[in-house]
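One structure is given below, encoded as structure tokens.
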């Protein structure tokens, strides 16, 4: 008697959460010298199929899954999501980075690099805050009071289309912003002395991300 298996293959990064993506990154790094293991972890992390389920599939089915995933991974045109709802609460992206709260600026600049890694959920919690007022496309955010652990957790279940859109927008714009205002900021106390090198390395992660996607594909 043949066993029927239902397989759900994501066709867009909106169906892949940050939690899944981070797990995939970790598995690919741990097995970077084992192509077969990487292939299995790719399918496992993005479809939820266990190794036991995979061995029961024929090569044609696995090849089809791999092709669908490759198409999804090759997409790189991500736009910033200005507002979104998480657990019934509407959050908005910092509307003016040049006027970003000083505390938020310091909280982000404390990292050696800005990339989609284990620190990214924290950074998202800094860049997005609950919407206080909204009128059309304009909105006002609640005052920045730091990040609580539960603020980070909620971003782990948000789709990677939102994360990629924010990452590309933020790293490019923030690097330009700091490059133009670094002279006026360096006399202020509390500014990270290596902010310039931090942002240079962060900008490089855009290319690193593309390389990772090519490697996965």
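Is it the case that segment 49-70 has a residue that's surrounded by 15 or more Cβ atoms within 10 Å (Cβ to Cβ) and within 17 Å of the chain's Cα centre (by Cα)?
No, that holds for no residue.
Of all residues in segment 84-101, how many are assigned to a helix (DSSP H, G or I) and either touching a residue at least 60 places away in the same chain (Cβ under 8 Å) or touching a strand residue (DSSP E or B) at 6+ places or on another chain (Cβ under 9 Å) (or both)?
The total comes to 2.
Would you be able to tell me the number of residues in segment 102-157 that are part of a loop (DSSP other than H, G, I, E, B) and under 24 Å from residue 14 (Cβ atoms)?
9
Just so you know, all these numbers are worked out from the coordinates, no wet-lab data involved. Just so we're clear, the structure is a prediction, and the values are computed from it rather than from any experiment. Cβ coordinates were reconstructed from backbone atoms using ideal geometry, including for glycine residues, and neighbour counts include every protein chain displayed.
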